[in-house]
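**Student:** Before I ask anything, here is the structure I am working with.
Any read-out appearing in this document is the output of simple, stated calculations on the displayed coordinates, not a laboratory observation. Model, not experiment: these values are computed from the prediction. Methodologically, a virtual Cβ is constructed for each residue, glycine included, from the backbone with ideal geometry; neighbour enumeration extends over all protein chains shown.
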């Protein structure tokens with residue numbers, strides 16, 4: 001970019017220069033005498049040709065120019081000066097005896113700022129000179145200021161990492177900063193004059209329709225920006241480069257408020273490749289952590305079932321015992337002289353139902369220990385609570401502890417990984433029972449499931465055991481912290497991790513009359529509709 | 001077989017196990033009564049029951065073990081057969097020490113259980129018979145007058161009529177009259193039998 005124009009700045013502070021041009025020496029003399037001693041630097045020329053050479057050398061602020069001169073006349077001198085940018089800035093006042101309107105108009109057409117008729121009045125000359133010098137100075141200042149602003153604007157735009165386009169009323173790129181060129185892998189000037197929509201959205205190679213903003217739709221949207229002053233913000237689109245390659249972008253199109261401006265809209269955009277990559281890496285890391293937790297949870301479930309083996313065996317033994325008894329009864333019925341058909345039917349039905357009961361216990365346990373591949377699903381909190389209770393009952397019988405359930409009816413559905421949540425609840429319930437068992441305390445473990453006010457569903461386990469020692473209360477959820485002789489200290493840590501991954505909270509508080517209460521909450525929310533979020537888009 | 005209205009009482013929390021066991025026992029000709037918890041069984045006048053008790057050792061609320069201890073406190077002499085799951089053998093042994101008759105392990109063979117029930121009922125019948133006998137003797141003893149009782153004590157100790165007469169400062173003839181009354185009231189002619197009866201009544 002160009003540096004600051006020193007000549008223009010230095011001109012502001014110097015003595016005002018006035019060039020007097022007239023072929024008549026007497027006139028020149030009068031003019032000279034009129035303006036001399038007023039702080040101006042006065043230059044004189046007695047022909048158009050001389051005037052041109054002086055102007056090119058000295059750049060006077062104001063020229064008093066006689067119209068009627070032999071050779072080059074005043075109008076021609078004026079036109080010549082105005083055509084050359086190096087000399088165009090001097091203000092020109094015509095002097096002429098011609099007092100008709102036509103010649104005055106010609107003077108203004110040629111680029112003059114004023115017209116003084118001969119013979120001139122001294123006071124008038126002085127007044128007009130002063131006025132025009134003042135105007136000239138202001139113009140010069142304005143121009144310099146404008147130049148500074150232009151330079152500032154240019155350097156800001158080129159320093160920005162966002163790509164920026166100025167669009168014309170027809171949607172053509174009339175300005176592009178260097179970042180825009182960089183992102184499009186081309187020289188920014190080569191983008192000028194191209195249609196923004198045609199350039200970036202004409203490539204039809206979005207096979208999966210990832211770019212929801214095709215040429216037609218984009219054309220229509222841009223039209224709304226340009227004609228209705230609606231801003232457009234798109235967080236997730238693809239731009240095609242001039243070389244045909246494609247890159248992901250987020251961009252905004254903002255209408256510029258003023259109608260008299262060449263730029264009708266400004267496009268600000270940035271390449272989101274890195275952001276997308278980071279988001280993907282983050283997602284991959286999250287998934288890997290999820291998989292590890294899932295794995296750990298699975299191992300923990302297996303070990304929990306191992307610890308519950310005695311109870312499970314008992315639970316399977318019950319229906320088996322009943323089946324054996326019923327079969328003996330059936331045998332007797334069959335051997336009796338008079339076959340009691342109704343009793344036989346009834347007994348066989350009972351056998352069948354006990355077989356189902358045994359297989360359900362096994363199925364339930366199999367579901368609980370199966371590999372973590374099921375993922376999240378919608379499940380009613382009541383079904384979940386019932387499944388939890390079925391497994392917890394086994395443990396309650398084993399410990400000779402009463403399990404008192406209080407499940408609110410008609411609870412909403414939850415989007416959860418059911419086995420993992422069951423695992424957390426079972427873990428808390430077993431902890432409660434174990435605490436009571438170790439302390440040789442009889443009583444009940446309470447399991448409550450209810451709507452928590454505004455916080456989703458609350459699951460609460462309250463035991464009547466010895467409670468948690470105060471010095472341990474802060475460490476309950478720390479990894480490898482345990483007060484059990486044979487514990488690893490990962491149970492509650494894992495529970496916490498599972499509950500957090502479901503967007504819930506888990507916690508502890510001492511029971512009101514001794515014992516402990518462990519609880520967790522799960523948010524009520526619906527299954528997400530699709531995997532990929534819709535492109536973020538908003539019209540303001 | 002079912003002398004004295006013996007009943008097999010079954011206390012078992014699992015409905016299917018209880019139902020199937022009751023059916024089986026009924027098919028075998030026993031009178032049965034089932035209870036789903038220790039507490040509901042305790043609502044019976046447990047000291048007066050005849051028969052035997054088939055008791056699940058592992059129940060929520062009051063366990064089989066606890067019920068057994070409670071029954072002993074309440075003076076219930078019902079023979080108890082414990083039904084245990086696997087791994088409850090140590091508990092079963094403890095129960096045996098406290099006087100349980102036997103235990104079977106789930107799932108049990110029908111023959112094992114039925115045999116144990118039969119044994120327990122026989123034991124109960126025997127115990128009840130002995131009790132009744134003892135009670136009868138006690139009543140006979142209670143029918144004696146104080147003087148007759150005094151003389152019977154001395155007879156049992158092996159004192160001759162003469163010794164008793166001197167000891168009590170009464171005539172030998174009077175002793176003989178009392179003596180024949182005692183034998184008559186106690187329903188025996190032999191001194192040896194009388195000794196046995198009195199010992200049995202006081203055991």
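**Student:** Antiparallel as a % of all DSSP beta bridges within the protein assembly as shown, to the nearest 5? Walk me through the intermediate numbers first.
**Tutor:** Details: 49 of 92 bridges.
DSSP beta bridges in the protein assembly as shown are roughly 55 percent antiparallel.
**Student:** Taking the Cα-to-Cβ direction at residue B:126 and at residue A:291 and moving 7 Å from each Cα, how far apart do the two end points lie in nm?
**Tutor:** About 7.2 nm separates the two model spin labels.
**Student:** Ranked by Cβ crowding within 10 angstrom, fewest neighbours first, how are A:286, A:169 ordered?
**Tutor:** Working: A:286 11, A:169 14.
The order, fewest Cβ neighbours first, is A:286, A:169.
**Student:** If R₀ is 30 angstrom, what is the calculated FRET efficiency for the pair residue A:146 and residue A:57, using the beta carbon separation as r and rounding to 0.05? Show your work: numbers first, answer last.
**Tutor:** Working: r = 26 Å, r/R0 = 0.86.
Once the sixth-power term is evaluated, E becomes 0.70.
**Student:** Taking 0.36 nm per intervening residue step and subtracting the Cα-Cα distance, what contour gain separates residue A:224 from residue A:349 on full extension?
**Tutor:** Working: separation 125, 0.36 × 125 = 45.00 nm, distance 7.43 nm.
37.6 nm is the gain from fully extending residue A:224 to residue A:349.
**Student:** Helix A:491-501 versus the longest principal axis of chain A: what is the Cα-based angle in degrees, 0 to 90, to the nearest 10?
**Tutor:** With rounding to tens, the tilt is 40 degrees.
**Student:** Over the alpha-carbon set of segment B:134-203, work out the extent along each principal axis and list the three values in angstrom, largest first.
**Tutor:** 33, 19, 18
**Student:** On to the next question. Normalised by the residues of chain B, what does the relative contact order come to in percent, with Cα pairs under 8 Å and at least six apart?
**Tutor:** On the way: 246 pairs, mean separation 30.7, N = 203.
Computed over chain B, the figure is 15 percent.
**Student:** Note down the Stokes-Einstein diffusion coefficient of chain A in µm²/s, whole number, using a Kirkwood radius over alpha carbon pairs, 4 °C, and 1.567 mPa s. Mind dumping the intermediate values first?
**Tutor:** Values: Rh = 33.0 Å.
Approximately 39 µm²/s, per Stokes-Einstein.
**Student:** Right, next: Going by alpha carbons, how many degrees (0 to 90, nearest 10) lie between the helix axis of A:74-83 and the longest principal axis of chain A?
**Tutor:** 20
**Student:** Related question: May I ask for the distance between the Cα centers of segment A:324-392 and segment A:140-163, given as a whole number of Å?
**Tutor:** After rounding, the separation between the Cα centres reads 84 Å.
**Student:** A further question follows. Would you work out if segment A:71-150 is rounded, prolate or oblate? Take a ≥ b ≥ c from the square roots of the eigenvalues of the alpha-carbon gyration tensor; rounded if a/c is under 1.5, else prolate when a/b is larger than b/c, oblate otherwise.
**Tutor:** oblate
**Student:** Over segment A:53-210, what lengths in whole Å, largest first, do the semi-axes of the equivalent ellipsoid take, defined as the square roots of 5 times the eigenvalues of the alpha-carbon gyration tensor? Don't jump to the answer; show the numbers that get you there.
**Tutor:** Values: eigenvalues 516, 63, 35 Å².
Here the semi-axes work out to 51, 18, 13 Å.
**Student:** Please compute the modelled spin-label separation between residue A:194 and residue B:168, points set 7 Å along Cα→Cβ, answer in nm with one decimal.
**Tutor:** With each label point 7 Å from Cα toward Cβ, the separation is 14.2 nm.
**Student:** Next question, about the same structure. Based on the alpha-carbon gyration tensor of segment B:1-112 and its eigenvalue square roots a ≥ b ≥ c, which shape applies: rounded if a/c is under 1.5, prolate if not and a/b is larger than b/c, or oblate?
**Tutor:** Working: a/c = 1.38, a/b = 1.07, b/c = 1.29.
Here segment B:1-112 falls in the rounded category.
**Student:** In whole Å, what is the distance between the alpha-carbon centres of segment B:152-169 and segment A:96-132?
**Tutor:** 179
**Student:** Here's another thing I want to ask about it. Please find the FRET efficiency linking residue A:442 to residue B:33, where r is the Cβ-Cβ separation and R0 is fixed at 30 Å, and quote it to the nearest 0.05.
**Tutor:** Numbers: r = 27 Å, r/R0 = 0.90.
Step by step, r from the Cβ atoms, then E = 0.65.
**Student:** Run the numbers on chain A and let me know its relative contact order in percent, using alpha-carbon pairs under 8 Å that are six or more apart.
**Tutor:** Here the relative contact order equals 8 percent.
**Student:** I need A:197, A:329 ordered by Cβ neighbour count within 10 Å, fewest first.
**Tutor:** Working: A:197 22, A:329 27.
Ordered by Cβ neighbours within 10 Å, fewest first: A:197, A:329.
**Student:** Ok, one more. Using the eigenvalues of the Cα gyration tensor, what equivalent ellipsoid semi-axes result for segment A:335-478 when each is taken as the square root of five times the eigenvalue, whole Å, largest first?
**Tutor:** Working through the eigenvalues yields semi-axes of 36, 22, 15 Å.
**Student:** As an exercise, use a Förster radius of 30 Å and the Cβ-Cβ distance of residue A:331 and residue A:356 to find the FRET efficiency, rounded to the nearest 0.05. Please list the in-between numbers first.
**Tutor:** On the way: r = 21 Å, r/R0 = 0.71.
FRET efficiency, residue A:331 to residue A:356: 0.90.
**Student:** Output the direction-averaged projected area (hull surface divided by four) of the convex hull of the alpha-carbon atoms of segment A:254-364, in nm². Display every interim value, and only then the final one.
**Tutor:** Numbers: hull surface 65.8 nm².
Computing the convex hull of the Cα atoms and averaging its projections yields 16.5 nm².
**Student:** List A:333, A:174 from most exposed to least, where exposure is judged by having the fewest other Cβ atoms within 10 Å.
**Tutor:** On the way: A:333 21, A:174 16.
Going from sparsest to densest Cβ surroundings: A:174, A:333.
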